[in-house]
Structure formats: structure tokens, C-alpha cells
Amino acid sequence: MRLSQMLFVTLRDDPADAEIPSHKLLLRAGYIRRIGSGIYAYLPLMWRVLQKVSQIVREEMNATGAQECLLPQLQPADLWKESGRWDTYTKAEGIMFSLIDRREQQLGLGPTHEEVITAIARDMIRSYRQLPLHLYQIQTKFRDEIRPRFGLMRGREFIMKDGYSFHADEASLKETYQDMYKAYSNILRRSGLAFRAVEADSGAIGGSGSTEFMILAEAGEDEVLYTDDGKYAANVEKAVSLPIDAETSRFTTYEKRDTPGTETIEKVCQLLNSSPTQLVKNVLYQTVYDNGITVLVLVSIRGDQEVNEVKLQNELTKLASEYGAKTIISLNVPNVEAQQAWTAKSLPLGYIAPDITDEYITANKQIHPKFLRLVDQTAVDLKNFVTGANETGYHVVGANWGEQFTLPSTVVDIRKARPGDRAIHNPEQSLQSARGIEAGHIFQLGTKYSQAMGATYTNEQGEEKPLFMGCFGVGVSRLAQAAVEQSYDKDGIIWPVAIAPYHAIVTIPNIKDAQQIEIAQKLYTELNQAGIETLLDDRDERAGVKFKDADLIGIPYRIVTGRAIANGKVEVVERATRKSQEIVIDEVTTTLKQWITEAIGHRAWGMGHGEETR
Ligand code: ATP
Ligand code: MG
């Protein structure tokens, strides 16, 4: 492609609305354009990057025996009602765009495709002979994200590869899961990225067992905890660890103490000269179940620990049936305004005890009349602890479960693991922290969807059984931007060779020089013919401007038809290292071909060269 014929517009300054380097650079270099909140146009350079990423994904998926298809984005609400996800995905903080058609039918725009694929499997899979089966697609997804941001990282419309597998049993599912683990590792490695596979929470998708593939970068929204021995890595949402030991309480008798102005753990510990590990902290949450019932939750946890809200949410979901519900639709710490909606009298905030009376809750059909009392493991073994006295300005000391307070019957593990904590597999290892961008997520779904939607098959014994399912997602557009987040410098993007929009750019420093033009055009043609995707900067611009633009858009190799042509050579500059060398014109193509093959391996590497590797 000739730059003179391209829609090629670069910006000198950082766009005001972009916060992180990759977002700024993709906008400045003319790869993307913002159309609305979380909505971007992929301009020609970006589209090539996305196609390259897609092609790597496709090759690795095909190599496992998965088959590509394309499922509808417009999905009937009925399917989502069958799985029980319509309300969670469309109400409150739900992320599904929904609409009503001219026949007054409800529809949603696909944020994910479990329902559609399960409906297909229900109709088409009859026998164990058809299993296992794995279908995938690469397609635009729609999600009405609460906080769309960072450009393609969290869009409301974005490209995902999603795959769904069907199995006769769990062993077969686990086999495909392992294949996907390898395929995803290959995808990220081939895309030139540094990443870490981590244990993950399964969230609203459900099921058991999941791994996230994190691209390591400071701007990552996720925190990963890992050990140096390489034996443990988990998303902080899921991570477990050993808490430090609690100190022995310095109180031996139960007493109520006057502790004015000590709403925080820090203040009360200072006043009583005690450690936060001797204290039971009581945190109030408010959750709304999908049947509209609000439940007030009181979590008792050791004073030095924090509640992991993802773990809490999972526990509350497990308890849904006790409230006549299937799942929760929101969870938060109620602010003053929210408290007003249900408190009968004002709460002794900062001084709440595990036994605070249910009389604080106003009688109301939509509000469960009793606190749901949960205790975290860290608080269970405490002796002679400090906690609130249910009266503003007072605490009690020397308290014990089974004496002054009843231990809540529901004991849970909902503490947040933290960097520095000891690892469970080996207490000599301590947890380290890193930031990551979630590029992929693989799940063992089990029979959750097949059971809800009646997708069964007949086994060898002639019995009808629910299908086992796996689901596997890669954020294609997120991965592409994450590559930039991991690889740039002050002058612009440094694309990994495998996913760069073009491999090379031929720059003509002086457009008035006929010989420069002739050699450039000859090289441009020859390189493209050899499968090296090459741009030609034939614009009527100063050389400095052209060099700056080439650096900004991040093309791996720049070929300059400058002074060296007098000696039958051109200058070739490697973008990543800035290493420059003069190469005999006739040897440029073979040299570049060799470099590119070295950088991305011996697989087919051109845009049009994608083939199945099986
Ligand atoms: P996140 O926790 O970041 O919201 P998720 O858990 O909702 O991600 P999945 O439903 O597992 O993501 O989707 C599979 C992949 O799709 C993710 O690993 C991610 O790479 C990508 N993805 C998810 N949401 C977005 C988005 N809003 N914009 C771009 N890519 C996304
Ligand atoms: Mg999400």
C-alpha cells in the first residue's frame, strides 16, 4: 500500500480523552477512531492487526480439531429465560443490550453465546457417537459495560473468539480444557506477548474450574498473585493464602469500654493498644436477589483482613434458594441514602457487633426481616476478642464466641489474599503481585446450561444424559491493544512482528529524487511479491516527518532509499532496537525474509497465507 493513497492521518499530540499509553498511541497513529462511549472504528491498519490476531487464533483452534462457525448476534430473550440468565444480564448492573422488535418480542444483543449454542446442541446432538464436539466463532460482541474505558480494552462493542465444547463426560471435557490451555498459551506466545495463566473466578457464567490468560502490563485492570516457584498463580478475586497468625489478646475478662471517636479499626486499636488481629470487624452489605428481595448481610471478619467481594458474591449466590431466588443481581456496601430505605432506627456505624438486633430492619415485603450473618474463617478461632458494643462510642473487649456472642452458623472463606501472604502449597513461599490484562478465559462449565435447557444425548447404554460443556473466550481486540501496552517507546508503537499490520515500510526521503523513487518502487514491488507485507511512504513530506510517522505506527522494519543508494545499498532500521545497517539492494528481500521468519517462526506468516495446520 502506498501512503499517498491511504487514509493516513497521525496526530502529534496525545488525545485528551485517552488515559493509558496504548489507547493514546492507537488514536494518535490512526489505528482507531472513537465513535461513541466504548464504540470504536477499526481503521485499515487496525483491521489488519485484528485479522492477524484472528488468524493466529483460528490456526491454533483448528489445530485442536475445533470447527469455525458464525452464530447470530441478535438473540431471542426466550433462550436466555430458559437458562435463567435474562434477568441477571438485563436488569440492574446487567450488561446485555436488549430491545423489542415490531412484533413486541424481546431480543438481546449477544454478550456471549452459551444459550444459542446449547439450543443448537439440544436439537442436533443425539448420540455419544457425535461427541466430543467443539464449535467456535470470531465475532463482534456487545456488552453495556458499566465503565467502558481504555479504548479497545473495555469496549461496548468488541471482537471475541468464543468456543463451546460438548462432551459425554467430565474426563473428555478436561481433555479439551487442557488442549485449550495449550492452544491459548500458543496464541499468546505466537502473538509475541509476555503472559501468565492464572486460576480464576468463574463469575456469572457459572461452572467449576477456570483459567485466565493475563497479559502482563502495569495498566492491567486485574491483580495477579503468584509465587516465585511457579507453582501458584491466581487472580486476586480467586486467590487463597494463609493469613498471618493472630496475636494473643491482652484482654482476659469481658468488659464494655468507652471508646469515643473510634469508628475505624486503626483508631480503636490505637486507643485500646491492641492488634487488629485481636478484633472482630463487622461489615454490612446489601444484596438484591433476582426475585426483588433485599437481604442485609453482616460479615464478621478478623480486623486486619478485607472482604473479597467476589468470594462474598459467590457465597450469596449459593444461598439464593434460601430466599426463594436463583441468583443475586447486586451487592454493595449501603451508603447513608441506601440505609435510609430499610433502617428502622439509625445504626451504630463503626460500633456494630456480630449480634446487632434485627429490629434495625424496617418491616417491608421487599426486605428480608433478618440479617444474614456470615463469619469468615479468620474470625472463628479468636479468643477474648475486641468488637463493637452496638452503641456509638463503645466497644467490648475479652469477648468469646459461645459466651457473649453466638458464632454465626455460616462459616465462609471470603477474605482477600494479599501480596506478602504465605502460600498454601508451601508456607515458605510468599505471594507476589503483578498487574495483568485478561486476554482469555477458559471454563469447565459442566452441565449447568445443558441441564437448564434440556440438552441431552444418549450414551452407549442407551440412557439419556445431559451434555458436559466447556467454553473458551479470547478478546481479539483487547489482545491487540494489550500488545501495544506491552510494547512501545516514547516515539510510538513497537508491534511484535507476528501481528504488525505490515512487516516493512519503504521510505523515500526525497520525493524529488528520481533514483530514490525508482529503487523504492522496485523494492516495494519485490518485497510484496515475496510475501513481505510492505508500505511505501511516497508522500510529499519532509524525511523527518516520514521517519516520525513510521516510528509512531510501529512497523518492524524501515527501509530508507537515502544516500546509501550511491553505493548500491539502502539503510534498514529495526523499529524495536533502532539498530540500523546498510544492506545491498539485491539482498534486502532475502535478508528481511530471514529476519521475519526468525521473529515469528516457520509457520505461514503473510496475511493471505493462513492455512489449517492439521
Ligand atoms: P472482564 O472481567 O475484563 O470484564 P470477562 O470476564 O467479562 O472480562 P469473558 O466473558 O470471559 O470476559 O470474555 C472473554 C474475553 O473477552 C475476555 O477474556 C476479554 O479478553 C474479552 N472481553 C471481555 N469483555 C470485554 C470488553 N468489554 N472489551 C473488550 N474485550 C472484552
Ligand atoms: Mg466483563
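The values are calculated or read from the model by the stated rules, or taken from the named source; none is laboratory data. Bear in mind that the values here come from a model prediction, so they are computed numbers and not experimental data. Please note: Cβ atoms are built from the backbone with ideal geometry, for glycine as well, and neighbour counts cover all protein chains shown. For the accessible areas, the whole protein counts, side chains as well, though only heavy atoms, and no ligand, DNA or RNA atoms are used. Shrake-Rupley method; radii C 1.70, N 1.55, O 1.52, S 1.80 Å.
Quick notes
- Computed accessible area, Phe8, all protein chains, 1.4 angstrom probe, square angstrom: 30 Å²
- Between Arg257 and His395, Val396, Val397, the built amide H atoms are under 5 Å apart, and every one of these is 5 or more places off in sequence or on another chain.
- Region 415-485 shape via C-alpha gyration tensor axes, a/c threshold 1.5: oblate
- Whichever lysines have a C-alpha closer than 16 Å to that of Lys465, once near sequence neighbours (fewer than 8 apart) are set aside: Lys448
- Karplus 3J(HN,Hα) series, Hz, for region 229-234 with 6.51 cos²θ - 1.76 cosθ + 1.60 (x for Gly, Pro): 6, x, 8, 9, 8, 8
- Degrees separating the helix 309-318 axis from the principal Cα axis of the chain, which is the longest one: 60 degrees
- All distinct Cα pairs of region 317-387 go into the 1/r average, and the inverse of that average, the Kirkwood radius, is 14.5 Å.
- Solvent exposure of Asp144, expressed as accessible area, is near 60 Å², computed with a probe of 1.4 Å over the protein chains only.
- Computed with every protein chain present, the accessible area of Asp78 is close to 100 Å² [probe 1.4 Å].
- Contact order normalised by residue count of region 255-412, Cα under 8 Å, 6+ apart, percent: 30 percent
- Percent of Cα pairs in the chain per distance bin of 10 Å, from zero to the largest separation: 3, 14, 20, 21, 17, 13, 7, 3, 1, 0.
- Size of region 502-601 as Cα extents on the principal axes (Å, biggest first): 39, 28, 22
- For Gly402, net neighbour charge (Lys/Arg +1, Asp/Glu -1) across residues whose Cβ lies under 14 Å away: -2
- Mean Cα-pair separation over length for the chain, i.e. relative contact order, pairs under 8 Å, 6 or more apart, %: 18 percent
- Per-residue ellipticity at 222 nm computed for the chain from its helices equals -7500 deg cm²/dmol, with DSSP H segments shorter than 4 residues left out and the rest contributing -39,500 (n - 2.57).
- Computed Rg/Rh of region 304-355, alpha carbon atoms with Kirkwood Rh: 1.01
- Working from label points 7 Å from Cα in the Cα-to-Cβ sense, the Thr140 to Gln105 distance is 2.2 nm.
- Taking the centroid of alpha carbons for each part, region 479-520 and region 415-469 are 41 Å apart.
- With eigenvalues of the C-alpha gyration tensor scaled by 5 and rooted, region 255-412, Å: 27, 17, 13
- Summary value for region 502-601: 29 percent relative contact order, contacts being C-alpha pairs under 8 angstrom separated by 6+ residues.
- The chain: angle of helix 476-486 to the longest principal axis, Cα-based, in degrees nearest 10: 80 degrees
- Largest first, the residues Arg418, Arg28 sort by 1.4 Å accessible area into Arg418, Arg28.
- Accessible-area order (highest first, 1.4 angstrom probe) of the listed residues Arg102, Arg539: Arg102, Arg539
- In region 399-445, GluC sites (Glu not before Pro) in a DSSP loop with at most 16 other beta-carbon atoms within 10 Å: Glu403, Glu428
- Between 0 and 90°, nearest 10: helix 514-529 axis offset from the chain longest Cα axis: 60 degrees
- Heavy-atom accessible surface of region 255-412: percent carbon and sulfur, 1.4 Å: 47 percent
- Distant-in-sequence amide H partners of Gly554 (H built 1.01 Å from N, under 5 Å): Ile493
- Part-to-part distance (alpha-carbon centres) for region 332-395 and region 558-588, which is given in Å: 72 Å
- For Glu221, net neighbour charge (Lys/Arg +1, Asp/Glu -1) across residues whose Cβ lies under 13 Å away: -4
- In Hz, Karplus ³J(HN,Hα) per residue of region 54-65 (6.51, -1.76, 1.60; θ = phi - 60°; x = Gly, Pro): 4, 5, 4, 4, 4, 4, 5, 5, 4, 5, 8, x
- By accessible area with a 1.4 Å probe, ligands and nucleic acids excluded, highest first: order of Leu99, Leu331, Leu527: Leu99, Leu331, Leu527
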